[in-house]
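Q: Dropping a structure here in structure tokens format, bear with me for questions.
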Amino acid sequence: MAAKNQEWPEAGDLVIATIETVTDYGAYAKLDEYDKKGLLHVSEISSSWIRNIRDFVREGQKLVLKVLRVDTEKGHIDLSLRRVTKRERIEKIMSWKKERKAEALIRSVAEKTGLPLEEVYEKAVAPMEKEMGLYEGFERVLKEDAEALTKIGVPKELADAIAEVAKERIHVPMVKVKGTIELRCMKPTGVKIIKEAFLGAKKAEKSRDVKIRFYVIAAPKYRVEVLAENYKHAEDVLQEVAQGVVSNVVKAGGQGTFRREK
């Protein structure tokens, strides 16, 4: 964050950089996350032969670069473009975008509470970055409310403001999977048994970081939907929840089946 601008990157780090000057022997780049500049030598731009360096880099261009060497005494940083893989580039850009968004969210928190930005950084940002990551902290608040932050020492006033800003400004994309549960229980308490089976499954919703929904299609058929951040997790929870409902009804003397829907 702000304090990071005073530090130096380390060899092997991926950095977001803006090309400032292009020469015949390479390009000078400003490291956006640090108050530093580095040299991208022409030999580190591409693995293929370079006829015109400007075909590969240009002034004002933002790139993901890898730090090769750092000389803090001389103030030199050597950078590479050709050693950055496609996956590394995508992951770094995503991380950088999240960090920038997190900084904007923190400014909104400061405005909402009327507290100086430095105080918000000291009392909220520092513990969030230490325990969970800053942007990840905003995401966790969406799932667990302000209590997730008060547990790590963030004052309640700030935690509540962060929770409000998170709900206003962050949309976590969810995927949905669904299936049909068919249940029958001829015992006098059959309706209660089926109801309790669904309630028991619903109680575990929060610990799995998902949303679970049940609908009556037409007795004895019920639909179960699971919303989660990725398909694998959603699929795992769907199978576990559905089989749990069926199992509880069967144990109580009823019958049940589950069918996954596309």
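The values are calculated or read from the model by the stated rules, or taken from the named source; none is laboratory data. Just so it is clear, the structure is predicted and the values come from calculations on it, not from any experiment. All Cβ positions, glycine included, derive from the backbone under ideal geometry; neighbour counts span all protein chains shown.
Q: Has segment 244-257 got at least one residue that is free of Cβ contacts under 8 Å to residues at least 24 places away in the same chain and either closer than 18 Å to Val175 by Cβ or assigned by TED's automatic domain parsing to the domain that holds Glu139 (or both)?
A: no
Q: Spot the failing condition for Ser46; the list is (1) farther than 30 Å from Ala146 by Cα; (2) at pLDDT below 95; (3) among the small types (Gly, Ala, Ser), and only one is missed.
A: Of everything listed in (1) farther than 30 Å from Ala146 by Cα; (2) at pLDDT below 95; (3) among the small types (Gly, Ala, Ser), Ser46 misses just condition (2).
Q: Among the numbered criteria (1) touching a helix residue (DSSP H, G or I) at 6+ places or on another chain (Cβ under 8 Å); (2) in the same structural domain as Glu164 (by TED's automatic domain parsing); (3) of a type in the set (A, V, I, L, M, F, W, C), which single criterion is violated by Trp96?
A: (1)
Q: Looking at Val57, Val22, Val42, Val64, which one is among the β-branched types (Val, Ile, Thr), on the phi < 0 side of the Ramachandran plot and within 28 Å of the chain's Cα centre (by Cα)?
A: Exactly one of Val57, Val22, Val42, Val64 is among the β-branched types (Val, Ile, Thr), on the phi < 0 side of the Ramachandran plot and within 28 Å of the chain's Cα centre (by Cα), namely Val64.
Q: Which numbered condition in (1) more than 18 Å from Arg89 (Cβ to Cβ); (2) at pLDDT below 95 is the only one that Val22 fails?
A: Unmet condition: (2).
Q: Going through segment 249-262 one residue at a time, which ones are touching a Gly at 6+ places or on another chain (Cβ under 8 Å) and under 16 Å from Met186 (Cβ atoms)?
A: Val249, Val250, Gly254
Q: Also, I was wondering about something else. If you take the residues in segment 49-70 that are among the β-branched types (Val, Ile, Thr) and in a strand (DSSP E or B), which one is surrounded by the most Cβ atoms within 10 Å (Cβ to Cβ)?
A: That would be Val67.
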